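Working notes, structure below.
The values are calculated or read from the model by the stated rules, or taken from the named source; none is laboratory data. Being a predicted model, the structure only gives us computed values, none of them experimental. Note that each Cβ is placed from the backbone with ideal geometry, even for glycine, and that neighbours are counted across all protein chains shown.
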Amino acid sequence: MSKKIYRYILLITVWILLFRFKENISDFIVLYMFYLPFDSGLSDTLWFFFSVFLKISLLLFLVIFLAGMIRSFFSPKKTRKVLEGKPLFARNVLAGLLGIVIPFCSCSAIPLFLGFVEAGIPIGVTFPFLIAAPMVNEVVVIMLFSLFGWKVGAIYMATGLSIAILAGWTIGKLRIERWLQDWVLQTRFGMNELDTVSLSFNDRILVGIGAVKDIFSKIWLHLILGIAVGAVVHGYIPEDYLASMVGKSRWYSPFLFLS
């Protein structure tokens with residue numbers, strides 16, 4: 001086997017070991033590196049932070065990598081063809097569904113949106129895709145399923161899709177095509193690189209790795225801050241107190257919980 005295959009096998013092995021022993025790694029850091037007592041607020045806070053950070057980071061690495069590889073199979077040209085020739089309502093719904101299942105982020109959804117315009121697809125049909133692509137992100141959906149269960153994930157998906165379809169229908173009724181700038185109508189995406197180049201399996205792996213580097217470099221700080229807040233709450237705020245603050249009888253409970 002080539003060196004690249006060995007390198008990929010090594011990366012997969014490291015990922016599996018880190019995920020399998022994330023709690024043990026957290027124990028080692030907190031108890032043996034920092035020499036903290038087993039049962040204290042600080043040790044609970046740090047243990048929660050390291051274990052959750054490892055879990056979420058590793059899951060994000062995997063999901064973003066797979067999404068990047070899948071994206072390499074779906075060029076803007078192919079995606080655009082799926083929407084052509086369908087009834088108006090069917091195209092509206094299909095555009096929203098494509099925004100969910102096809103892993104395009106905002107950066108690639110906007111050029112694809114312009115490609116829809118070039119193909120003559122109505123604005124009201126293209127907007128569900130433009131809204132659903134970043135809103136119902138595959139990374140967010142998988143994380144919600146894994147952390148909160150399928151009900152929360154399904155509600156999030158259904159809500160995002162409904163908002164996208166309703167917004168597209170409303171925009172379609174407004175008939176805003178006349179307000180499009182000339183440069184939008186003159187844009188051409190027919191020679192997009194992914195349309196003309198047949199990628200090898202190794203190329204698709206590199207696309208996935210590149211997606212991980214690009215996305216994680218933008219979210220790592222927010223990830224650390226979010227987990228740090230959760231760790232402090234876990235380590236220093238009693239569960240009974242939190243339960244009393246978000247009780248069903250309190251009108252402000254939903255707002256407090258969301259904050």
Checklist entry - Are any residues in region 16-50 surrounded by fewer than 15 Cβ atoms within 10 Å (Cβ to Cβ) and under 30 Å from SER200 (Cβ atoms), and if so, which ones? => result ILE16, LEU17
Next on the checklist: What's the total number of residues in region 19-47 that are of a type outside the set (A, V, I, L, M, F, W, C), out of contact with any Ser or Thr (no Cβ under 6 Å at 6 or more places or on another chain) and either in a helix (DSSP H, G or I) or touching a residue at least 12 places away in the same chain (Cβ under 8 Å) (or both)?
Outcome noted: 8
Next on the checklist: Please go through (1) farther than 26 Å from LEU147 by Cβ; (2) not in a helix (DSSP H, G or I) for LYS4 and return the number of the only condition it doesn't satisfy.
Outcome noted: (2)
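Restricting region 214-224 to residues that are surrounded by 12 or more Cβ atoms within 10 Å (Cβ to Cβ) and either farther than 12 Å from LEU60 by Cβ or over 22 Å from the mean Cα position of the chain (by Cα) (or both), which is modelled with the highest pLDDT?
The extreme case among them is ILE224.
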Next on the checklist: Looking at region 168-192, I want the residues that are closer than 17 Å to PHE127 by Cβ and at pLDDT 70 or above and have a partner that is among the polar types (S, T, N, Q) and surrounded by 12 or more Cβ atoms within 10 Å (Cβ to Cβ) with Cβ atoms under 7 Å, at least 6 apart or on another chain. Which pairs are those?
Outcome noted: GLY168/ASN92; TRP169/ASN92
Next on the checklist: With the structure loaded, tell me whether ALA243 is surrounded by 15 or more Cβ atoms within 10 Å (Cβ to Cβ), hydrophobic (A, V, I, L, M, F, W, C) and at pLDDT below 85 or whether it fails that test.
Outcome noted: no
